[in-house]
Amino acid sequence: MDPKKVLAADDEPHILRVVKDKLANAGFNVVTATDGAEALDTARRERPDIILLDVMMPKMNGFEVCRALRAEAEFSKIPILLLTARGQEIDKKMGLDAGATEYITKPFSPRQLLQTVQTHLGLTIAGA
């Protein structure tokens, strides 16, 4: 079986590296983007099984990318997780209203993120 594909989009290189390394080490095929427009293009081209979006990115923010993807039929059922430092309830509501499956605030535990990704993909969590 082919590994599940994850799109991780964040404009902070160290966060993107941590997310990519943690998920790749768990056997996921990880593709990345460093701004919102690139995330949208990459999602359309790569057809990931799950999408992780930072909210505050250049060109398009995570809310905009999420809304754009949800407007396309092929992304209506794909889990979209927003990862952000914006932890206010109003921000969380905006994210869920934009179509996010889950809203995760930074800093986050890479292990917990892996478990969340596995849960949304319906995978058995090994070693958890």
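Readers should treat all values here as calculations from the given coordinates under stated rules, not as data from a laboratory. Small disclaimer: the values here were computed from a predicted structure and weren't measured.
Structure notes:
- Centre-to-centre, using Cα atoms only, the range 1-71 and the range 79-95 are separated by 15 Å.
- Residue with peak Gaussian network fluctuation, the chain [Cα springs, cutoff 10 Å], from Lys92, Lys20, Lys106: Lys106
- GNM flexibility winner over the chain from Val18, Val30, Val65 (Cα, springs under 10 Å): Val18
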